[in-house]
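The values are calculated or read from the model by the stated rules, or taken from the named source; none is laboratory data. Here the structure is a predicted model, which is why all the values come from computation and not from measurement. Note: ideal-geometry Cβ built from the backbone for every residue, glycine included; neighbour counts use all protein chains shown. Only protein heavy atoms, including side chains, enter the accessible area calculation; ligands, DNA and RNA are left aside. Shrake-Rupley method; radii C 1.70, N 1.55, O 1.52, S 1.80 Å.
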Amino acid sequence: MENKEIDRLIIEKVLELPYHETEWFGYWVVLKEGQLATLFSPSSNIQDAWIALEKFKEKDFLYTVQNQVGGNYEVSLTDWGGMCSTFRGVSESLPLAICQATLKAKGIEI
């Protein structure tokens, strides 16, 4: 799956925000009421990925971020408020590992 599609899924399914798509730049999103729209790319921008991860903190999820031998990152989300299910993302890129874990927690495999 391409990064642009991952970005769209994070905006729609994780953050549940409206967005404006541009052909060359990606997705513009208003993250907080009263703010200007910002270009949002969680698959490649760690600050944007962290916004998606923090969304789960609000829902009683525990998350861990680890670096693995060999250079990969592993992100785990555990639902302590529900069934204690754990959702993991593993990638050479920390933003992509975050995207994988958050989308899996929403029932979407990438």
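Give me the orientation-averaged projected area of the Cα convex hull of region 8-110, in nm², one decimal. Before the final figure, lay out the partial values.
Working: hull surface 27.7 nm².
So the Cα hull casts an average projection of 6.9 nm².
Just want the answer: with Cβ charges of +1 for Lys and Arg and -1 for Asp and Glu, which residue in 17, 68, 6 is farthest toward the dipole's positive end in the chain?
Farthest towards the positive pole: 68.
Counting pairs of alpha carbon atoms under 8 Å apart in space and at least six apart in sequence, what relative contact order in percent does the chain give? Show your work: numbers first, answer last.
Values: 203 pairs, mean separation 23.7, N = 110.
Across the chain, relative contact order equals 22 percent.
Of the lysine pairs in the chain, how many meet both conditions: Cα atoms under 19 Å apart, and a spacing of 8 or more in sequence or different chains?
Lysine pairs, 8 or more places apart or on different chains, close enough: 18.
Specify whether the C-alpha gyration tensor of region 26-74 places it in the rounded, prolate or oblate class, a ≥ b ≥ c being the square roots of the eigenvalues: rounded for a/c under 1.5, otherwise prolate if a/b is larger than b/c and oblate if not. Kindly include the intermediate steps, with their values, before the conclusion.
Details: a/c = 4.42, a/b = 1.58, b/c = 2.80.
Oblate.
On the accessible surface of region 27-90, probed at 1.4 Å, how many percent belong to carbon and sulfur atoms? Mind dumping the intermediate values first?
Details: 2120 of 4070 Å².
Solvent-exposed carbon and sulfur of region 27-90 make up 52 percent of the total.
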